[in-house]
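The values are calculated or read from the model by the stated rules, or taken from the named source; none is laboratory data. Please read these numbers as outputs of a predicted model, since none were measured by experiment. Neighbour counts run over all protein chains shown; Cβ positions are idealised from the backbone, glycine included.
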Amino acid sequence: MTIKIQIDQAVHILKQGGLVAFPTETVYGLGADANNEHALEKIFAVKERPSTHPLIVHLATLEQMADWAVNIPPAALKLAQTFWPGPLTLILEKKPGVLDQITGGQNTVGLRVPSHPIAQALLGHFGQGIAAPSANKFTHVSPTTAQAVQEELGGAVDLILDGGECDVGLESTIIDVINDCPKILRPGMITQQQLEHVIEQPIFFPNHSSSIRVPGMHTLHYAPRTPVTLIETHDLQRLNDLVMEAHSFVMLSYTPDLISPSPKIDMIVMPKDAKNYAHKLYQVLRECDQGEYSRIVVQNVPISPEWTAIHDRLKKASANR
Ligand code: TXA
Ligand code: MG
């Protein structure tokens, strides 16, 4: 079936209140009509996600912002003009009438214009907002291929549009721009520095948050089913202790030459640059999960702006269960 026919079919399904998984440049989303309460309820059921977690509304164009948000600050508009279509989500004051399933009962709404051509085509033809969380079960690793969506959610989705591997590979940067003090709620591959450069003011990036509305700020998130252990590069000798334990494990390292080979370690060489590392990470974690290892050991990544989002996801994937 051609992609055009599939998109027509996807639009039809969305209009009937069904669920369509679709590729974005970050990760695959589980889409539903953002104005259809019943369709939105299905998202929560399929993901097994708590109903208080708000959903991002995906739009075809920046102009559609006004259908969903009010009192849009100039800084938000500037960010949208600079980074959309692209991997940035803006938290704004919601327009009256935006459904509680979207906002989690809050006064705000998250908006994003994705750049993936299939997402663009779908949104353009549908003509309305599509609510889409990542197309995985709650707390699991986000899917970056159609095959991964199939494995995560399979029959619970009416249609999966296949757009190949997601380019970015990590979820969008989320920034709250409602107040005078903009805050990053979730780091992504668009960095704090890039955002500050555009709005010419400092952005707050809290290390900890008491809010349960922000993904993975406090608990296990973005996690494979196999336990993940993070090891600092200066602490690689800890591997010897792990090797002493009975089981073999798989290790993700971007400096494998620093590690003495052992028959108990299956080594996966990770890219040395952040962009390629991010692109690959979730797919590698998924493959490790299928490998029946007792543990996934990950060499922690450098601390620098372009690695911040990767660092964040690794920390959450290795949080205590
Ligand atoms: O890259 C992405 O953002 C992907 C693709 C599919 O667009 N979507 C995604 O959605 O990661 P999700 O639902 O898995 O994570 C988005 C998070 C939610 O967990 C929620 O905590 C936060 O965004 N969020 C959404 N609306 C919000 C709001 N109004 N206020 C605070 N946080 C919000
Ligand atoms: Mg998610």
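Within the stretch 286-314, being among the charged types (D, E, K, R) and in contact (Cβ under 8 Å) with a residue 60 or more places away in the chain holds for ARG286, ASP289, ARG295, GLU306, ASP312, ARG313.
Could you list, in sequence order, all residues of the stretch 151-175 that are crowded, with 20+ Cβ neighbours inside 10 Å and more than 27 Å from ILE310 (Cβ to Cβ)? Residue satisfying the conditions is VAL157 alone.
Within the stretch 267-306, the residues that satisfy the criterion of being of a type outside the set (A, V, I, L, M), surrounded by 20 or more Cβ atoms within 10 Å (Cβ to Cβ) and farther than 20 Å from THR139 by Cα are TYR277, GLN299.
Every test in (1) away from ligand 1 (no atom under 15 Å from the Cβ); (2) part of a loop (DSSP other than H, G, I, E, B); (3) at pLDDT 95 or above is passed by ARG225 save one, and that test is (3). Of the residues making up the stretch 241-266, those that are surrounded by 14 or more Cβ atoms within 10 Å (Cβ to Cβ), assigned to a loop (DSSP other than H, G, I, E, B) and in contact with a strand residue (DSSP E or B) (Cβ under 9 Å, 6 or more places away or on another chain) are SER248, TYR254, ILE259, LYS264.
Of the strands (runs of 3 or more DSSP E) lying entirely inside the stretch 5-119, those carrying at least 2 residues that are within 11 Å of ligand 1 (Cβ to nearest atom) and either closer than 22 Å to LEU195 by Cα or of a type in the set (A, V, I, L, M) (or both) are 56-58, 88-94, 108-112.
Quick one: in the stretch 158-174, of everything that is in contact with a strand residue (DSSP E or B) (Cβ under 9 Å, 6 or more places away or on another chain) and under 15 Å from ARG186 (Cα atoms), which residue is farthest from ligand 1 (Cβ to nearest atom)? Once the filter is applied, the top-ranked residue is THR173. Counting only residues that are more than 16 Å from ligand 2 (Cβ to nearest atom), surrounded by 18 or more Cβ atoms within 10 Å (Cβ to Cβ) and under 19 Å from the mean Cα position of the chain (by Cα), the stretch 176-197 holds 6 of them. Pairs linking a residue in the stretch 20-45 that is of a type in the set (Lys, Arg) to a residue that is within 14 Å of ligand 1 (Cβ to nearest atom), with Cβ atoms under 7 Å and 6 or more positions apart or on different chains, are LYS42/LEU19; LYS42/ALA32. Of all residues in the stretch 235-246, those that are within 17 Å of ASN300 (Cα to Cα) have Cβ atoms under 9 Å from Cβ atoms of residues that are at pLDDT 85 or above and exposed (fewer than 12 other Cβ atoms within 10 Å of the Cβ), 6 or more apart or on another chain, in LEU236/LEU258; ARG238/GLU232; LEU239/SER260; ASN240/SER260. Tallying residues that are among the β-branched types (Val, Ile, Thr) and away from ligand 2 (no atom under 13 Å from the Cβ) within the stretch 110-152 yields 4. Taken together, the residues in the stretch 82-98 that are surrounded by 23 or more Cβ atoms within 10 Å (Cβ to Cβ) and free of Cβ contacts under 8 Å to residues at least 12 places away in the same chain amount to 0. Selection over the stretch 40-69 of residues that are within 12 Å of ALA132 (Cβ to Cβ) and away from ligand 2 (no atom under 16 Å from the Cβ) gives a count of 1. Residues of the stretch 125-180 that are free of Cβ contacts under 8 Å to residues at least 60 places away in the same chain and in a loop (DSSP other than H, G, I, E, B): ASN179, ASP180.
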